[in-house]
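The values are calculated or read from the model by the stated rules, or taken from the named source; none is laboratory data. Being a predicted model, the structure only gives us computed values, none of them experimental. Here the Cβ positions follow ideal geometry from the backbone for every residue, glycine too, while neighbour counts run over all protein chains shown.
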């Protein structure tokens, strides 16, 4: 449990209307029992946040934690739905307006990458590593420099995760915050749902940024604008790319 959060919880010193001085064994026992019961209630309320599964476990057994108070707002199940995107940030309204307009010239590179993915990624691959390498080749004109096997951990959570691939933005030669995270699966149904796994990765990643936001200005600024990030799920014939922000799809705080 996060020691910072626990330190803010103080055991009660009163019982009913008056303050109990433990002058007798009965009074002392009553006070301790009241304090213990209160602390148990606190732990029960905090448990959905503190003991969330790791991303890989979440992908396989997501139904129960998703139904809890701390479930991710990502429409798995359907009732785990947040507010409409256009109400949360103006960028989604702009996207909706521009999606009906003719594509700009610089979209040609993206269309070529999309065509290549459709042509190449339907093949059968011997293993996940081979599949990931092919994916990297297909998107290299748009996204290159993927970092494999990035560990994600936050002081505020018990569980940690390991993201298949991350793509960082750069300022000069310095790598700053992640622009994209990606989970790859060899075939449909292999090791659970990559969408839930990647959503949980994103949640952990944002919590880890919050741990250090006061130490790095670029992290503080990144969180201040909503932590925009691409979440990419690569699984057999399906490719799901989600442009997401901290306040929107993937987080339930």
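For the reader, a short list of remarks on this structure follows.
- Scanning segment 209-225 for residues that are over 19 Å from residue 155 (Cα atoms) and over 17 Å from the mean Cα position of the chain (by Cα) yields 217, 218, 221.
- Among the residues of this structure, residue 180 does not count as one that is touching a strand residue (DSSP E or B) at 6+ places or on another chain (Cβ under 6 Å), within 24 Å of residue 109 (Cβ to Cβ) and modelled with pLDDT under 80.
- Residues that are part of a helix (DSSP H, G or I) and touching a strand residue (DSSP E or B) at 6+ places or on another chain (Cβ under 6 Å) occur in segment 220-233; there is at least one.
- Check on residue 203, surrounded by 16 or more Cβ atoms within 10 Å (Cβ to Cβ), touching a strand residue (DSSP E or B) at 6+ places or on another chain (Cβ under 6 Å) and under 30 Å from residue 90 (Cβ atoms): no
- Hits in segment 114-137 - residues which are farther than 19 Å from residue 164 by Cβ and under 26 Å from the mean Cα position of the chain (by Cα): 114
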